[in-house]
1. Counting alpha carbon pairs within less than 8 Å and at least 6 residues apart, what relative contact order, in whole percent, applies to region 41-142?
2. In whole percent, what relative contact order does region 2-199 give with Cα contacts below 8 Å and a gap of six or more residues?
3. Of the peptides 192-199, 47-54, 166-173, 177-184, how do they stack up when ordered by the mean number of other Cβ atoms within 10 Å, highest first?
4. What residues qualify as long-range amide H neighbours of V85, i.e. H under 5 Å apart, gap of 5 or more or another chain, H built at 1.01 Å from N?
5. Could you give me the ³J(HN,Hα) list for region 30-39, computed from phi with Karplus coefficients 6.51, -1.76, 1.60 and θ = phi - 60°, whole Hz, x at Gly and Pro?
6. Testing the spin-label approximation: label points 7 Å from Cα along Cα→Cβ at K40 and D212. State their distance in nm.
7. Restricting to Cα pairs below 8 Å that are 6+ residues apart, what does the relative contact order work out to for region 149-224? Please round to a whole percent.
8. On a C-alpha basis, how far is the centre of region 49-103 from the centre of region 123-188 in Å? Whole number, if you could?
Amino acid sequence: MKFFIDTANLAQIKEALELGILDGVTTNPSLMAKEGITGKESIYRHYKKICDLVKGDISAEVISTEYKGIMKEAKELAEIAENIVVKVPMIKDGIKAIAELTALEIKTNCTLVFSAGQAILAAKAGATYISPFIGRIDDTNWNGIQLITDIFDIYTMQGYDTEILAASIRSGLHIVEAAKAGADVVTCPLDAILSLLKHPLTDIGLQKFLDDHKKAQAAAIGKS
Ligand code: G3P
């Protein structure tokens, strides 16, 4: 399973990169706004910085919601760097654009996927990735992970190549459950990735190893 980080924050991207486990980055207009990046030129410059940092796929989202606008933006975004993946919303014109971008060999990530039916349509259009939003489904008291399982079963049975990119991940548990459900990729905030490191028994065990080593060293010095 690939690990993407879901942020436009360069410091966080660098921290995940230094961990040696990062395969890519996803962003969206809200994440860009959170970093205070506004205006097309600044936004595109920021994408370029991310693409220079990380060699894997970098999702950059279109703002247009009608076919011609989506296509124009998608082509401009794809010009920024070879590793740009154009993120397109799950709407009628979005699906039409994904089919055309696929024909042009431009990678796409179909975002805002909340049902298996949407996932089937995006795969039929040839999307490189689909992004089911696990956390936001859980927020409505439905089961986000169950959707990943359903899409995995359908894609496996039907032989679709589209990769399942589990998004709106809120915790380490979401990452583990998405892996069990067959996600190809998880895109996570840095905190969720770092939470996977944590187990109290690891901390207790490490402290005991270090204490035992220290005692043995002290005893050896005492004997000499
Ligand atoms: O990848 C989509 C993600 O950014 C949405 O996450 O936490 O806003 O639901 P969230």
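1. Working: 145 pairs, mean separation 21.4, N = 102.
Contact order relative to length: 21 percent.
2. On the way: 359 pairs, mean separation 33.9, N = 198.
Averaging sequence separation for qualifying contacts and normalising by length gives 17 percent for region 2-199.
3. Working: 192-199: 14.2, 47-54: 17.0, 166-173: 21.1, 177-184: 19.1.
By packing density, highest mean first, the sequence is 166-173, 177-184, 47-54, 192-199.
4. I58, S59, A60
5. With the stated coefficients, region 30-39 comes to 5, 5, 5, 4, 4, 7, x, 9, 10, x Hz.
6. A separation of 6.4 nm, rounded to one decimal place.
7. Working: 51 pairs, mean separation 19.5, N = 76.
Normalised by residue count, the contact order of region 149-224 is 26 percent.
8. 20 Å
The values are calculated or read from the model by the stated rules, or taken from the named source; none is laboratory data. This structure is a prediction, so every number in the text was calculated from the model and none was measured. Virtual Cβ from ideal backbone geometry, glycine too; neighbours counted across all protein chains shown. The area values use the complete protein model at the heavy-atom level, side chains included, leaving out ligands, DNA and RNA. Shrake-Rupley method; radii C 1.70, N 1.55, O 1.52, S 1.80 Å.
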